Amino acid sequence: MGLPKVAYFSMEIAIDQSLSTYSGGLGFLAGSHMQSAGYLQMPMVGVTMLWSYGYYNQRINEEGNVDVAYIRKHYDFLQPVKETVTVDVFGEKVLIKAYRVDPSLFGTCPVYLMTTDVEENSEWARSISHKLYDGDEKIRIAQETVLGVGGIRLLQAIKYDFECVHMNEGHALPAAFELLRQYNGNLDKVKEKVVFTTHTPVAAGNEVHWVDTLMEGGFFSGCSRERAVELGGEHFSLTVAALRMSRIANAVSQLHGLVANKMWDWVQGRCPIRAITNAVNLHYWQDERISKAHELQDFLDAKLEMKKEVFSFIANTTGKRFDPNVLTITWARRFADYKRAWLIFMDMDRILKLLNADKIQLIFAGKFHPDDAMGREMFNNILHKSYNIKNVAVLAGYELELSAKLKKATDVWLNTPIRPLEASGTSGMSANMNGALHLSIFDGWTVEGTFPGINGYTIEYPGLDDDIPWEERHWKDHDCMMDIIENQIIPTYYENKLEWARMMRQAVRTAEAYFNSDRMVIEYYNRIYKPIAHGKKEGGLDEGGSRMSQPNMEAWTYSNIK
């Protein structure tokens, strides 16, 4: 029996810097999924949106603050699809056109990008596909309706006979409702085809809207209000409905599997939630100088060369001249408060001592949601600090290209979320692939892939999961992090280069061995796609759907998951 044909729905897919259809980690993950599916020649297509203005362009203005700018993109390398479809959205019949990313272009599986920004539509309808994650609720609902309902209709129009629909987060949930309409309300038929990936325990990542607003927006594709409430509640939860409309769901790390099963345990009629750990595409992210390194000195030489190249870029961009021989620590990811970019600055005297003595250099980069005032303020606070502190640089425009540069130029990749809110994280994986050591809170994929003294460092201590006040938690995490930097990382980096190089090599090897998205895509086919498409059930699972027999799983449980 052959492999099932899969349609992968995602609101954002980061394939290449030249195609600005993503915001951050979710898109990076989806891009790696498409790249590995193409590399492995799996029967899969991607379905996403063509955002006329992308997410946004981030830059530093003349006053020294971060700015959000929207610049219309014009792509001449996408293939127009002759078929069009329509979707009813807030009382308007909206025309959807699509473009195709050919596999020969970026090495992915085929990817279809939909747009409503066409002359036949009203100005409001055209704006649906202007900005990724638009802050206007009606536009946001319309975007999800177009992605899900429009995506199903587009695939059927081009005669792509999918056997499995993979909803990457709840944004694509209208796809399940469109199938429910086509199957005359038969939910079991929908479940035969639909799978779902949940990415975060953070409330903002699990959308809720008033059911009547969704009804008006066409989100339910003709489903009755009563049925919609039955599936997702009056304050309609996209995640809850997705869990009830899918045959199977997955969390994105082994620890997240435990968190998600406990978090959604109350949902009656939900599908099992299993754990498939995220990964990134080795062929895209790894510098060939690292892939060709074998001896310990090769890794040191390659890293020094990469640092010199990127530090020239940093000097030209910020005016900061970094020394390639100085230990370089990078924090680069989405600027959300729970990720705590500010954690390393909690004790300014302590960090200034290291910076002023040229013991470390710090690089920060990342984007916040344009409507996130707290994220913007956090970015500006660190940016302003960098103007007056030695050896600190803040870079704007954290997208694929800059992300790749930083992972090559970094000695230590810093990750500081509040445990257990980091479902997986992926940036440290691609940093590892380039010989950067991970220094991370014991959360997400770190639990599986960062081994202290072997390939990196973890911030953990007795009472890690005790129920303590936030301020105390921050200080405990900060003190542990700084102790590791001062007493383990700095001495090893400067006094035992061969030991440092050995850990670099092990970081590369562990990333190549397990955190390559080729493994991830194969695992999705074997554990998620095939059982659904072929009507099979997977054995060896507990009631919640997570594999509990894996080594060390019990060590990851803790009492304060609410």
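The values are calculated or read from the model by the stated rules, or taken from the named source; none is laboratory data. Please read these numbers as outputs of a predicted model, since none were measured by experiment. Cβ coordinates were reconstructed from backbone atoms using ideal geometry, including for glycine residues, and neighbour counts include every protein chain displayed.
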### Query
Has the stretch 140-160 got at least one residue that is surrounded by 23 or more Cβ atoms within 10 Å (Cβ to Cβ), in contact with a Lys or Arg (Cβ under 8 Å, 6 or more places away or on another chain) and over 22 Å from Y524 (Cα atoms)?
no
### Summary
For N380, the lone unmet condition from (1) more than 29 Å from E305 (Cβ to Cβ); (2) in contact with a helix residue (DSSP H, G or I) (Cβ under 8 Å, 6 or more places away or on another chain) is (2)
### Task
Go through (1) touching a residue at least 24 places away in the same chain (Cβ under 8 Å); (2) within 24 Å of A30 (Cβ to Cβ) one by one and return the number of the condition T450 breaks.
(1)
### Task
Read through the list (1) under 27 Å from V252 (Cβ atoms); (2) free of Cβ contacts under 8 Å to residues at least 60 places away in the same chain, then give the number of the only condition that P80 fails.
(1)
## Note on the structure
Counting only strands (runs of 3 or more DSSP E) entirely within the stretch 124-238, those with at least 1 residues that are in contact (Cβ under 8 Å) with a residue 40 or more places away in the chain and either among the charged types (D, E, K, R) or in contact with a Pro (Cβ under 8 Å, 6 or more places away or on another chain) (or both) are 164-168
## Note on the structure
Among D287, D298, the single one that is touching a Gly at 6+ places or on another chain (Cβ under 9 Å) and assigned by TED's automatic domain parsing to the domain that holds A511 is D287
## Note on the structure
The helices (runs of 4 or more DSSP H) lying wholly within the stretch 436-507 that contain at least 3 residues that are surrounded by 15 or more Cβ atoms within 10 Å (Cβ to Cβ) and within 25 Å of the chain's Cα centre (by Cα) are 446-449, 470-484
### Task
Find the residue count for the stretch 36-69, including only residues that are touching a strand residue (DSSP E or B) at 6+ places or on another chain (Cβ under 8 Å), in a loop (DSSP other than H, G, I, E, B) and farther than 29 Å from A175 by Cα.
1
### Query
Is there a residue being buried (at least 24 other Cβ atoms within 10 Å of the Cβ), assigned to a helix (DSSP H, G or I) and in contact with a strand residue (DSSP E or B) (Cβ under 8 Å, 6 or more places away or on another chain) anywhere in the stretch 296-312?
no
